[in-house]
Amino acid sequence: MNSSPATAPDPGTATAVQLDLPIDGIHCAGCVSTVEKALSSRDGVESASVNLATGEGRVRFDPARVSADELVRAVEDAGYDVRREFVTVGVGGMHCAGCVSAVEKAIRKVPGVLDADVALATEEARIGLVPGGGSLDRVRTAVEAAGYELRIEDVGRTTEDLFEEREREREEETRNLIRRFRWGVALGLPVAIIGHAHLIPGLDGLSHETMRVLWWISAVLTVPILTYVGRGFFTGAWQQARHGSANMDTLVAVGTGAAWIYSTAVLLFPAFFPAGTAHPYYEAVAVVITLVLLGQALESRAKGRTSQALRRLMDLRPRTATVLREGREVEIPAEQVLPGDRLLVRPGERVPVDGVVVEGRSAIDESMVTGESMPVEKGPGDEVVGGTVNAAGALQFDATRVGSETVLAQIVEMVRDAQGSKPEIQRLVDRVAGVFVPAVMVVALLAFGIWMAVGPDPRLNYAVVVAVTVLVIACPCALGLATPISIMVSVGKAAEHGILVRNGDALQRARAVDTVVLDKTGTVTVGEPVVSDVTPLESLGRDEVLRLAAGAEAHSEHPLGRAVVEAARQEGLEVAPGQDFAVDPGRGVEARVDGRTVRVGTEAFLGDAGVDAGAARSEMARLADQGKSPVLVSVDGRLAGVVALADPVKEDSAAAIQALVELGREVVLLTGDDERTARYIADQVGIQRVYARVLPHEKADRVLELQAEGRVVAMVGDGINDAPALAQADVGLAIGTGTDVAMEAADITLMGGSLQGVVKAVRLSEATFRNIRQNLVGAFIYNTLGIPVAAGVLYPAFGILLSPVIAGSAMAFSSVTVVTNANRLRGVRLD
């Protein structure tokens, strides 16, 4: 990642830098002109040129006037794509939304950086760089200059290693916070008692001289509270001050530091203070620091709990695997399994890696992947997924995907990325938080000045208390955690139900969807043909017609032929593979079965052999009206019967569609099949609106038409031909049993084949954003009401004035409330 940068100083202008952007979609001189105009139109761009041969745009610009990501947006607004290289790295030293905003600003200012999303809950940054051109060393320098830590050594490490390290770090952080909190209680309790001695029976009559001695004891006791218990606030504030920034640490450090200095000055120079103002506030220093620290400890512990879903997923991977080598069973660490290794998995064991069964039959519990509780039968040729449980017989299988390539590893990676992603609502919160802390400091100074100018006596006393209280109560911790903590919990819960959410924006948009478009084949239906009807037309019985047809089709590779053979086997019929097999592509097959000539195919195909199919026409029409595909069977030149094949509706499709309707969503069926078949399937599952005979390239157009009606559209599909429509939709949901291309184009992947996953995704989205709204409303109310009350707006009318101690308690409580509320999502029912 630390290759030579794609940016360089402009020799003509000292402040300008050069950026090379790899651009996709440039095909002609017109494209070149369009992109050059788009870039040149941005304020701060000195020159822009595009090379048609290399597909690269070179821009010279002033980074003080325009950022790299704004230039990227200019290209994308013109209809082209800029390739990005994403890395995820750890960020240290963040405590609130203001920290997030400061880190993002620092990263985005680095030339070559195109995107930066920083997550407080996961303490990670996802950075988009110009391929080969963005230096992480420069990004780290910028982040450190802002007063934070960037761990670029994380790049290239496995998700499991990073997670375990983060978990250890968080556990150590929690232990450290709790240890310091206990010291804060031990040292601060006597300080609090001394500070409130006038309210305690038996101590309320102490002389002024005795109180001065006790105050000096408080002064001494609060020194270790400041230097040990609360040192993180002061070191953090100093780092911020060195770089002209401010965050939560600044508020706590300035508030408690000012209170301690004021209190000590009162003891040292009482004569310099107006009469009645010489009162120390050491108890505020001790209690505020201790309470804020308690809030951080509870927050850290709760954030650890939000990662439990990821931990459970990673724990599914077995540590060892049994490999068959030279006829012997050898147990090795799972990470040492190589593609092509033959493995053995016994009943009750977890499958160590992905593979294909070569011997044995069993039932596999795939609930961790699909969310479906019923075990799935597996035999030779079937795929098995690492992490699933072998419930019955022993299986031998060949490893196909190992390490980071397995389905489980990709699920873990997707969940981790989604937990750290940021919906648009959080970006707004971060922007607000970026100006919030400086604004609070201005409010504190104004409040101090107003109380000194027009407040009651003792004015200085009141002014200090008010300023400190404003600084303490204004900490935007709850605001910063409101969204990401809910996203983390909900993405984890979704993964437990076999729903993989690619990013927080998809989760946000899903609740707004009012129209759900369903592809038919493989989405509403099973996606594979099965024999639905066997109608004998001559003297032969039903089973004999099916048995002979299966014999003729035994060597066929066509899906319809395989369906006929499978149906015969499932019914226990003894299928004798035909001889002299011949196929007429698109029309039918002929073979000798038990010495008899059997033809299976279309009416025209049988007609070529002189078979009259007139007696079957009414039956064929009836079956076709039901969306089925009738196939004729003749034996020794005589019509024997009709076999109908159909793509059956999945068992729970109708129930899922009904649930979507009850949730207020309109459901639309989209298919390339003819109108008659499409309408028959739609009637079976309760869909009113149908688009039939839609060619693959037209599916995205149909989604666009619905969006033009003002609808928010979710597209659900499983095939390569669904990928453009999945990408066009506001929310794309891919059926996990489908193609990789569809899953890449989708925002959400349903690992099971059931449409119930769509219902669960919508319900989870609604629950998540109810939860986020509750968190944000609570956090905003806390800050917007708390600051004026702390500033004393209620004092003139009601005599109400908060103390720093109450403010510290409220601030800690607000963060804990947000985290606790987010964890309520664990109990949301999606069924």
**Request:** List, in order, the whole-Hz ³J(HN,Hα) value for each residue of segment 67-82 obtained from phi through the Karplus relation with A = 6.51, B = -1.76, C = 1.60 and θ = phi - 60°; use x for Gly and Pro.
**Result:** 9, 4, 5, 5, 5, 5, 4, 4, 5, 5, 5, 7, x, 10, 10, 10
**Asked** Tell me, what is the Rg over Rh of segment 550-597, with Rh the Kirkwood radius over Cα pairs?
**Response** 0.95
**Prompt:** Packing-wise, with mean Cβ within 10 Å as the measure, how do 175-186, 225-236 rank, highest first?
**Reply:** 225-236, 175-186
**Complete:** So, over other residues within a Cβ distance under 13 Å of residue 29, counting Lys, Arg +1 and Asp, Glu -1, the net charge is 0
**Asked** Working out 0.36 nm times the residue gap between residue 831 and residue 54, then minus their Cα-Cα distance, what length gain in nm do you get to one decimal?
**Response** 274.6 nm
**residue 777-residue 241 pseudo-label distance in nm [points 7 Å out on the Cα-to-Cβ vector]** = 4.0
**Item:** Counted charge near residue 73, where neighbours are those whose Cβ lies closer than 11 Å (Asp, Glu -1; Lys, Arg +1)
**Value:** -4
**Message:** Run the numbers for residue 269 and residue 141: contour at 0.36 nm per residue of separation, minus the present Cα-Cα distance, in nm.
**Reply:** 41.6 nm
**Message:** Compute the distance from the alpha-carbon center of segment 338-359 to that of segment 21-45, in whole Å.
**Reply:** 51
**Prompt:** Given a Förster distance of 45 angstrom, what is the FRET efficiency for residue 33 paired with residue 784, based on the Cβ-Cβ distance and rounded to 0.05?
**Reply:** 0.35
**Request:** Grab the Cα-Cα distance for residue 576 and residue 332, subtract it from 0.36 nm times how many residues apart they are, and report the gain in nm with one decimal.
**Result:** 83.4 nm
**Request:** Would you mind getting me the FRET efficiency between residue 596 and residue 824? Use the beta-carbon distance for r and R0 = 60 Å, nearest 0.05.
**Result:** 0.30
**Item:** Long-range HN-HN contacts of residue 366 with modeled amide H, under 5 Å
**Value:** 376
**Request:** Count charges around residue 548 for me, please; just the other residues with Cβ under 13 Å from its Cβ, Lys/Arg as +1, Asp/Glu as -1.
**Result:** -2
**Prompt:** If contacts are Cα pairs under 8 angstrom and at least 6 residues apart, what is the relative contact order of segment 630-728 in percent?
**Reply:** 18
**Fill in**
Sorted largest first, the Cα spans of segment 580-679 on the principal axes come out in Å as 59, 25, 20
**Prompt:** If each of residue 457 and residue 562 carries a label point 7 Å out from its Cα toward its Cβ, how far apart are those two points in nm?
**Reply:** 9.6
**Prompt:** Which lysines have a Cα lying under 25 Å from the Cα of residue 37, excluding residues fewer than 8 positions away in the same chain?
**Reply:** 109
**Whole-Hz couplings from phi, Karplus 6.51/-1.76/1.60, listed for segment 549-554; x for Gly and Pro** = 4, 5, x, 5, 8, 4
**Label-to-label distance, nm, for residues given as residue 542 and residue 689 (7 Å Cα→Cβ offset)** = 4.0
**Prompt:** Between residue 615 and residue 661, what FRET efficiency follows from the Cβ-Cβ distance if R0 is 60 Å, with the result rounded to 0.05?
**Reply:** 0.90
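Here, each number is a calculation from the coordinates, and none is a lab measurement. Quick caveat, the model's predicted, so the values are computed rather than measured. Reconstructed Cβ throughout: ideal geometry from the backbone, glycine too, with neighbour counts over all protein chains shown.
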